[in-house]
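**Student:** Okay, here's the structure, questions in a sec.
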Amino acid sequence: MSSAAADFIRRGVDAGWWDGALAATGNAERETGRIAAGDAWRTANRPMRPDAIFDIASLTKVVAVAVPAVMLAAAGRLELDRPFTDYLPTYRGRLFQPVTVRDLALHQSGFDNNRSFLAAADNAALHRGILALSPVRPPRSRVEYACTNFLLLAKVLEEITGRRLDQLAAKLLLRPLGMTETTWGSRPDDGRRLVKAVNVERPGIVSDEIGRQSTGPVGNSGLFSTATDLGRFARFLLKDSEALPPAARRELFRRQTPDGQQPRTFGWRIGAGLVPAGLSDRTVYHSGWTGQTLWVDPATRRYILVMTSRIGKPETVLPARVKLAELALQEI
């Protein structure tokens with residue numbers, strides 16, 4: 001394979017950023033190209049395939065929680081500016097003042113990344129611990145990205161629909177979009193397509209400790225997916241539809257945090273800085289700790305997905321993913 005993007009992937013292998021990577025580009029109608037190089041699991045000499053299956057970590061937040069939430073709001077089943085506790089009577093933490101559903105999605109609720117519940121003796125105690133978490137500051141005083149927000153938001157969606165999160169995501173998104181290879185939880189290694197995450201002993205094990213320890217789906221992590229399925233998801237976001245009408249799409253693509261705070265939309269980051277050249281400043285994006293980033297641009301109606309078998313430090317590898325995205329946008 002001879003291309004600048006493929007050469008950059010191999011440079012990243014040599015630099016210790018990742019064992020391998022793939023990039024896929026597309027528009028509102030179709031995928032326009034895909035490139036893959038390096039390894040999915042270097043120790044086992046498993047090559048990175050274009051159809052590789054990744055633990056997408058925190059991309060679970062937007063695929064399975066944020067987008068279903070705005071879909072439910074569009075259907076009149078969820079009020080985004082209503083206190084989340086109105087929907088979640090089992091919550092037992094202490095709030096400074098009411099925290100809305102929107103506050104959770106914008107990471108401005110006041111919750112931090114307290115994971116004390118991981119010491120729970122069993123699954124029931126773990127989930128009781130999540131429902132007992134308290135914020136550390138009043139809502140809307142600052143933005144702090146915290147998994148707690150999406151653990152609680154997922155529980156709100158489960159409460160109002162009477163469905164487990166995996167069942168709800170399947171009903172609203174995975175089945176209608178044909179995302180047949182997007183699945184929840186750890187599974188046996190298939191020996192071919194699964195990509196090993198940096199902190200687990202073999203491919204197929206959920207990287208996030210919360211998603212790994214819970215016996216059911218959680219809102220912050222746990223999904224495995226492919227470039228094909230995430231492309232279907234991105235194209236869904238780029239078009240108005242009955243399921244995702246204009247008002248719902250505006251929630252995803254409109255900055256909602258105040259000046260001076262991290263720019264965020266409902267569930268996503270937005271704006272320059274970590275947006276590849278060639279996309280507009282209306283681009284929203286989200287990353288996963290395992291080494292994945294999806295950018296979706298409503299202005300150019302394009303998307304770019306970079307998925308890696310990250311081994312380097314996240315703060316080093318994210319800018320490298322941006323550069324790989326820029327090269328891919330130029331070439332494919």
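The values are calculated or read from the model by the stated rules, or taken from the named source; none is laboratory data. It should be emphasised that the depicted structure is a prediction, and the values quoted were computed from it without experimental measurement. Positions of Cβ are generated from backbone atoms using ideal geometry, with glycine treated the same way; all protein chains shown enter the neighbour counts. We work out accessible area using only protein heavy atoms, side chains counted, and drop any ligands, DNA or RNA first. Shrake-Rupley method; radii C 1.70, N 1.55, O 1.52, S 1.80 Å.
**Student:** Of the conditions (1) closer than 17 Å to Gly231 by Cα; (2) surrounded by fewer than 22 Cβ atoms within 10 Å (Cβ to Cβ); (3) not hydrophobic (A, V, I, L, M, F, W, C), Thr43 clears all except one; give me its number.
**Tutor:** The one condition Thr43 does not meet is (1).
**Student:** Would you confirm, using the coordinates I've provided, whether Ile311 is β-branched (Val, Ile, Thr), open to solvent by 10 Å² or more (accessible area, probe 1.4 Å), out of contact with any His (no Cβ under 8 Å at 6 or more places or on another chain) and within 19 Å of Leu106 (Cβ to Cβ)?
**Tutor:** no
**Student:** Let me ask you something else. Of all residues in segment 79-101, which are polar (S, T, N, Q) and surrounded by fewer than 19 Cβ atoms within 10 Å (Cβ to Cβ)?
**Tutor:** Matches in segment 79-101: Thr85, Thr90, Gln97.
**Student:** Quick one: how many residues across segment 261-294 are in a strand (DSSP E or B) and of a type in the set (Lys, Arg)?
**Tutor:** Going through segment 261-294 one residue at a time, the tally reaches 2.
**Student:** Hey, does segment 54-62 have a residue that's within 18 Å of Lys171 (Cβ to Cβ), touching a Leu at 6+ places or on another chain (Cβ under 7 Å), part of a helix (DSSP H, G or I) and touching a residue at least 40 places away in the same chain (Cβ under 8 Å)?
**Tutor:** Yes, segment 54-62 contains at least one residue that is within 18 Å of Lys171 (Cβ to Cβ), touching a Leu at 6+ places or on another chain (Cβ under 7 Å), part of a helix (DSSP H, G or I) and touching a residue at least 40 places away in the same chain (Cβ under 8 Å).
**Student:** Tell me whether segment 32-43 contains one or more residues that are in contact with a helix residue (DSSP H, G or I) (Cβ under 6 Å, 6 or more places away or on another chain) and without any contact (Cβ under 8 Å) to a residue 40 or more places away in the chain.
**Tutor:** yes
**Student:** Of the residues Gly271, Gly260, which is at pLDDT below 95, touching a Lys or Arg at 6+ places or on another chain (Cβ under 9 Å) and more than 21 Å from Ser225 (Cβ to Cβ)?
**Tutor:** Gly271
**Student:** Output yes when any residue across segment 203-213 is among the hydroxyl-bearing types (Ser, Thr, Tyr), crowded, with 22+ Cβ neighbours inside 10 Å and not in a helix (DSSP H, G or I), and no when none is.
**Tutor:** Yes; the residues of segment 203-213 include at least one that is among the hydroxyl-bearing types (Ser, Thr, Tyr), crowded, with 22+ Cβ neighbours inside 10 Å and not in a helix (DSSP H, G or I).
**Student:** Another question about this same structure. So, Gly76, is that one open to solvent by 50 Å² or more (accessible area, probe 1.4 Å), out of contact with any Cys (no Cβ under 6 Å at 6 or more places or on another chain) and not hydrophobic (A, V, I, L, M, F, W, C) or not?
**Tutor:** When the stated conditions are applied, Gly76 passes them.
**Student:** Right, here's the next one. Of all residues in segment 121-144, which are open to solvent by 10 Å² or more (accessible area, probe 1.4 Å), of a type outside the set (D, E, K, R) and touching a residue at least 60 places away in the same chain (Cβ under 8 Å)?
**Tutor:** Of everything in segment 121-144, those that are open to solvent by 10 Å² or more (accessible area, probe 1.4 Å), of a type outside the set (D, E, K, R) and touching a residue at least 60 places away in the same chain (Cβ under 8 Å) turn out to be Asn123, His127, Val143.
**Student:** Additional query: Can you find a residue in segment 278-294 that is farther than 27 Å from Thr148 by Cβ and without any contact (Cβ under 8 Å) to a residue 24 or more places away in the chain?
**Tutor:** Looking for residues that are farther than 27 Å from Thr148 by Cβ and without any contact (Cβ under 8 Å) to a residue 24 or more places away in the chain, one finds at least one in segment 278-294, hence yes.
**Student:** Quick check on this structure: which one of Arg92, Arg42, Arg46 is over 23 Å from Gly312 (Cα atoms) and of a type in the set (Lys, Arg)?
**Tutor:** Going through Arg92, Arg42, Arg46 in turn, the sole match is Arg92.
**Student:** Can I ask one more? Out of the residues in segment 46-69 that are of a type in the set (D, E, K, R) and over 15 Å from the mean Cα position of the chain (by Cα), which is most open to solvent (accessible area, probe 1.4 Å)?
**Tutor:** Here the answer is Arg49.
**Student:** Does segment 295-327 hold any residues that are over 18 Å from Asp14 (Cβ atoms), assigned to a loop (DSSP other than H, G, I, E, B) and in contact with a Phe, Trp or Tyr (Cβ under 8 Å, 6 or more places away or on another chain), and which are they?
**Tutor:** Pro298
**Student:** May I ask you to list the residues in segment 231-255 that are aliphatic (A, V, I, L, M), open to solvent by less than 30 Å² (accessible area, probe 1.4 Å) and either more than 12 Å from Pro298 (Cβ to Cβ) or part of a loop (DSSP other than H, G, I, E, B) (or both)?
**Tutor:** Leu238, Leu244, Ala248
**Student:** For the structure I just gave you, tell me whether Phe111 is over 26 Å from Gly288 (Cα atoms), out of contact with any His (no Cβ under 7 Å at 6 or more places or on another chain) and not in a helix (DSSP H, G or I).
**Tutor:** For Phe111, the condition - over 26 Å from Gly288 (Cα atoms), out of contact with any His (no Cβ under 7 Å at 6 or more places or on another chain) and not in a helix (DSSP H, G or I) - is not met.
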